[in-house]
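Okay, structure first, notes after.
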């Protein structure tokens with residue numbers, strides 16, 4: 001907090017260009033404190049909000065023409081038997097809990113996000129930059145976290161958008177599994193925690209919901225893996241293909257033996273190596289195509305592989 005105040009004080013005494021540079025350093029310092037779990041979270045969040053508003057007003061807009069350059073990709077063909085996912089339109093809480101939550105059965109849900117302001121706002125990249133362009137975020141670089149070329153790098157959201165989303169950088173970049181809405185509460189106002197998160201395996205006590213952002217260009221991939229919590233993946237911008245496998249076929253997916261990646265499969269569903277992984281032929285996948293306004297419920301320990309088919313922004317809600 002002291003460093004942020006010192007940088008702002010320096011900015012006040014400088015020329016316009018130098019002042020903007022010091023303000024950027026100040027908001028980066030505040031963000032690093034938030035990312036590292038500084039105890040003065042409320043003060044840093046408030047300071048970063050005010051500073052980023054001043055910075056973002058001085059930055060140029062991308063303009064609508066950038067959307068014309070964004071590419072889409074085809075839905076990949078899988079070499080195993082596939083079934084479409086069960087789809088329900090705005091099911092009641094009772095239907096969701098009795099037919100899907102407690103039996104642990106995935107379901108695609110439509111018609112439950114039309115009231116989200118994010119559906120109208122987030123397809124405009126300039127809106128996202130206006131709210132969070134100067135904020136420092138962790139970006140995954142490389143094809144996926146299970147590959148040797150994977151790394152992470154801190155950069156501003158504007159740098160990420162201009163280089164990896166709307167730019168010509170051929171290397172994949174993905175703002176993945178990041179608690180952006182704790183860092184930038186202004187964006188949290190554009191979303192709503194689904195009522196289905198009220199279903200819980202915890203009988204007593206309030207359910208805590210972890211909210212993560214997933215933002216990137218067409219072609220970004222989350223490799224085949226499973227999570228320990230209930231998951232509602234909600235699609236705001238673009239389309240995603242979600243491929244699911246039951247926990248009963250775990251052995252056929254060849255989980256990594258190492259403790260670090262034990263929840264991640266060695267098999268790539270889009271390009272399986274049957275010589276290395278012959279039992280994969282015996283699996284059956286459930287396919288789910290998510291468009292803006294759709295969500296999919298992924299039960300704990302269900303394997304899922306996710307590919308963005310367009311510029312994509314998703315929000316996941318994880319809970320016990």
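Here are the numbers:
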item: Where residue 284 falls short, out of the listed (1) farther than 19 Å from residue 77 by Cβ; (2) surrounded by fewer than 20 Cβ atoms within 10 Å (Cβ to Cβ); (3) touching a strand residue (DSSP E or B) at 6+ places or on another chain (Cβ under 7 Å); result: (1)
item: Output for region 228-246, where each listed residue is within 20 Å of residue 313 (Cα to Cα) and not in a strand (DSSP E or B); result: 238, 239
item: Leading residue by the ranking (surrounded by the most Cβ atoms within 10 Å (Cβ to Cβ)) among those in region 216-236 that are out of contact with any helix residue (DSSP H, G or I) (no Cβ under 8 Å at 6 or more places or on another chain) and over 30 Å from residue 279 (Cβ atoms); result: 234
item: One residue from 97, 134 being surrounded by 13 or more Cβ atoms within 10 Å (Cβ to Cβ) and either modelled with pLDDT under 95 or in contact with a strand residue (DSSP E or B) (Cβ under 6 Å, 6 or more places away or on another chain) (or both); result: 134
item: Qualifying residue in region 262-274 (condition: touching a strand residue (DSSP E or B) at 6+ places or on another chain (Cβ under 8 Å), outside any loop (DSSP other than H, G, I, E, B) and either touching a residue at least 12 places away in the same chain (Cβ under 8 Å) or under 13 Å from residue 304 (Cα atoms) (or both)); result: yes
item: Number of the exception - residue 174 against (1) buried (at least 21 other Cβ atoms within 10 Å of the Cβ); (2) assigned to a loop (DSSP other than H, G, I, E, B); result: (2)
item: Criterion violated by residue 127 - all others in (1) within 25 Å of residue 223 (Cα to Cα); (2) free of Cβ contacts under 8 Å to residues at least 12 places away in the same chain; (3) surrounded by 15 or more Cβ atoms within 10 Å (Cβ to Cβ) satisfied; result: (1)
item: Residue 267 being crowded, with 17+ Cβ neighbours inside 10 Å, touching a helix residue (DSSP H, G or I) at 6+ places or on another chain (Cβ under 8 Å) and either at pLDDT below 95 or more than 16 Å from residue 300 (Cα to Cα) (or both); result: yes
item: Only one of 238, 219 that is under 15 Å from the mean Cα position of the chain (by Cα), modelled with pLDDT under 95 and at positive phi; result: 219
item: Where residue 199 falls short, out of the listed (1) within 21 Å of residue 176 (Cβ to Cβ); (2) surrounded by 16 or more Cβ atoms within 10 Å (Cβ to Cβ); result: (1)
item: Conditions (1) modelled with pLDDT under 90; (2) in the same structural domain as residue 132 (by the TED database); (3) surrounded by 14 or more Cβ atoms within 10 Å (Cβ to Cβ); number of the one not met by residue 40; result: (2)
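For (1) more than 22 Å from residue 140 (Cα to Cα); (2) over 16 Å from the mean Cα position of the chain (by Cα); (3) part of a strand (DSSP E or B); (4) not assigned by the TED database to the domain that holds residue 98, each residue gets a yes or a no:
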residue	(1), (2), (3), (4)
170	no, yes, no, no
192	yes, no, no, no
196	yes, yes, no, no
201	yes, yes, no, no
211	no, no, yes, no
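The values are calculated or read from the model by the stated rules, or taken from the named source; none is laboratory data. Only a predicted model underlies this, so the values are computations on that prediction, with no experimental measurement involved. Positions of Cβ are generated from backbone atoms using ideal geometry, with glycine treated the same way; all protein chains shown enter the neighbour counts.
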